[in-house]
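Comments concern the structure below.
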Amino acid sequence: IQTHRLNPSASIPASQAQAAQAAELDSDFLEPVHHDLDPVFKPPERLFAGDVPVPHIKSREEYVKLYQESIKAPSVFWSKMASELLEWERPPKFAAQGGYEDGDFSWFDGGLINACVNAVDRHAAATPDKTAIIWESDEPGEHEHISYRRLLIEVSKLANVFKSHGLRKGDHVAIYMPMVPEALYAMLACARLGLVHCVVFAGFSADAVRDRINDCGAKLVITADQGKRGGKVINLKRTVDQALLETPTIEKCLVFRRTGEFNIPFHKGRDLWYHEEVEKARPVCPPEPMHPEDPLFILYTSGSTGKPKGLIHSTGGYMLQTASSFKYIFDYHPSDIYGCMADVGWITGHSYICYGPLTMGATTVVFESIPTYPDAGRFWDCVQTHKITQLYTAPTAIRTLKKFGDEFVTKHDLSSLRVLGSVGEPINPEAWQWYHQVPGRSQCAIVDTYWQTETGSIIMTPLPGAIATKPGSCTVPFFGIEPVIIDATTGAEIKGNDVTGVLALRMHPGGWPSMARTILGDHKRFLDTYFNVYKGYYFTGDGAHRDKDGYYWVRGRVDDVINVSGHRISTSEVESAMIGHPAVAESAVVGIPDDVTGQALAVFVVLKPEFDVPLAPSPEATHHHHIKVDDVKKSMIQHIRQAVGPFAAPKMLFLVPDLPKTRSGKIMRRILRKVGGGEVKSEEQIKELGDLSTLADPGLIPQLVEIVHAKA
Ligand code: WTA
């Protein structure tokens, strides 16, 4: 039932593919908006007051100068940065090479580098006692400091464990871990040996873990007996056991003991206790010199087709741009304590909990809990306890905390904070203002950072000391990035300001250093998804507005990706899961607006004819019927949780007689988004949905409206 909208087959010429592509985008995020009267906030004076480190970039002029250099001569710009920020085993001979036509771009050929040495060894040598990781446990008041010296020992031991089980450079390792330092040890130990890690977010279901392990062919998986989150335990090992029933490549399963409370079954010959293994291992392990283009990791993300994409990131370019963006965007100085509240299962955790901060020798917080445990003051309690200087979180968390009221914030001493970051989804101006005024006390720089799993690091953002901000805008491009707005219907670049369209990035040789290099096992899909949609540009999948001052406002995905609490969910991934449910004939999943999570999933389901239940409870329906409808719906939601993960559970599920389709059979999602969002009630509003003449059955719409508004 899924039409693949964004992957035009490469057999059709690019111009035709573009036209096909352009005609398919029907997102509201492409409709014009205006930003004329938005408030503007200058960089906070406090940053220049003298009692805090002076910002690296002090004015807009300084930013513009560096930005121009980065665009005019990317190779010169990044080579200089690469020798300043990274330690090379052997310096590179070249900078950017190759292009986007074949996707053969590469950075720093001729060089040799090890990511773990950059993130750990050199700081263990220079500042051995400095705290590398502050682990904030799920239980408030329970935390641990891990020095760079200790980090090197822990990582080296684990690397030796990997070696002792036969893992060698190029092998793949799956990581399914709670937010404990051992998750980072595992990533870094892989990097040390040239093993390619593949972190799978610990909220994914057994089916999702199995599919990812099978796609990447991991030989070893590392997990924990249980995880803890918000006072609840999560049975990670149990999920892994279920996944491993169907993963022929896995030889060993290394189990970290987080709670020790659960009597987990051990599979002889396959399962090993982490603590027992590291006890045997030597704390010295020579790092493997790597080519800068050797893969550092695989990370799966959702695209517009059902199959998740295993994006591959490089070693040299990725390390360089995560480190440099971390330094300039969070305005990092050696005395800082930096806290990113994300999970290492997502790209934000890779780039801005692990690699970026550690490569800069920073102190990074690993936060195991949730923003509301034991209450809505948890973040601020952490800030006060650890004297956090930069806090990085998502709009969903900000909106949730705002709801609980200011007292949870104001009762804490937040004077250490200088920079507050936001990531993962558009931040609405009200949430931005609250973040700025209450936790930020109007004295912190707010950095709304826009980027993607694919880009590896932040690509649009203000810089704390240099760029004035507007609530809701990610402002200006970071070094090396040239954003453009493209007309969705013609595929042509729209010049000038005050324009809305598809957000793309102009490609120059090499692109930018931290760009993903390919999709594991499917380079053609990589090219088709990102580079063959609009020739000469990288296609982001987002709609955006460039305002009269040239500031960017990212509005949301224009493809079939839904952003729920900053988690990317593919509509077709959920739709394919639905097909596995015995009662489902057909389904369509759309994103509807939600006050807290940004977007939420709404699922429209057509039942198989033999499942004869009333589509919505009606006053006449018997008690018996009510139960049946609810049971069917519940079992479907449960089915999605199992197939994808609890975070993909829909907010709304409607049983409908049919899906609105064009005569050629394409589902009109625009209509489902509007109707599912509850925006359409009256006949008038149905008319406002626009031209419905292409619908095979226009009479269906009033029925859908009725079903959506029927109160159960
Ligand atoms: C969205 C997360 C608006 C966007 C780092 C993008 C944002 C997708 C922002 C990538 C932001 C991320 N403003 N939208 N500051 N940051 N997005 O791959 O739709 O999990 O395409 O990477 O999140 O999500 P991903």
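From the list GLU482, GLU407, the one residue that fits, being modelled with pLDDT of 95 or more, more than 9 Å from the ligand (Cβ to nearest atom), of a type in the set (Asp, Glu) and closer than 25 Å to GLY556 by Cβ, is GLU482. Scanning the stretch 410-425 for residues that are of a type outside the set (Val, Ile, Thr) and away from the ligand (no atom under 16 Å from the Cβ) yields LYS411, HIS412, ASP413, LEU414, SER415, SER416, LEU417, ARG418.
Taken over the stretch 664-694, the criterion of being at pLDDT below 85 and either under 16 Å from THR571 (Cβ atoms) or surrounded by 15 or more Cβ atoms within 10 Å (Cβ to Cβ) (or both) is satisfied by LYS666, LEU689, LEU692.
Could you please let me know if TYR338 is touching a Ser or Thr at 6+ places or on another chain (Cβ under 7 Å) and buried (at least 24 other Cβ atoms within 10 Å of the Cβ)? Spelling it out, TYR338 is indeed touching a Ser or Thr at 6+ places or on another chain (Cβ under 7 Å) and buried (at least 24 other Cβ atoms within 10 Å of the Cβ). Please tell me if GLU276 is at pLDDT 95 or above, over 30 Å from VAL419 (Cα atoms) and part of a loop (DSSP other than H, G, I, E, B). No, not satisfied. The single condition among (1) crowded, with 24+ Cβ neighbours inside 10 Å; (2) at pLDDT below 95 that GLY98 does not satisfy is (1). Screening TYR534 with (1) away from the ligand (no atom under 14 Å from the Cβ); (2) closer than 23 Å to CYS216 by Cβ gives one miss only, at (2). Which residues, counting only those in the stretch 211-231, are among the charged types (D, E, K, R) and either buried (at least 24 other Cβ atoms within 10 Å of the Cβ) or closer than 18 Å to GLN638 by Cβ (or both)? Across the stretch 211-231, the qualifying residue is only ARG212. If you go through the stretch 426-479 and keep only what is away from the ligand (no atom under 15 Å from the Cβ) and under 21 Å from the mean Cα position of the chain (by Cα), you end up with just PHE479. You will find that of LEU653, LEU672, the residue that is under 22 Å from HIS567 (Cβ atoms), part of a strand (DSSP E or B) and in contact (Cβ under 8 Å) with a residue 12 or more places away in the chain is LEU653 and no other. Yes or no: the stretch 566-588 includes at least one residue that is closer than 25 Å to SER70 by Cβ and either in a strand (DSSP E or B) or in contact with a strand residue (DSSP E or B) (Cβ under 6 Å, 6 or more places away or on another chain) (or both). The answer is no, given that none of the residues of the stretch 566-588 is closer than 25 Å to SER70 by Cβ and either in a strand (DSSP E or B) or in contact with a strand residue (DSSP E or B) (Cβ under 6 Å, 6 or more places away or on another chain) (or both).
The values are calculated or read from the model by the stated rules, or taken from the named source; none is laboratory data. Predicted model, so just to flag it, every value in this text is computed and none were measured. Glycine gets a Cβ as well: all are built from the backbone with ideal geometry, and neighbour counts include every protein chain shown.
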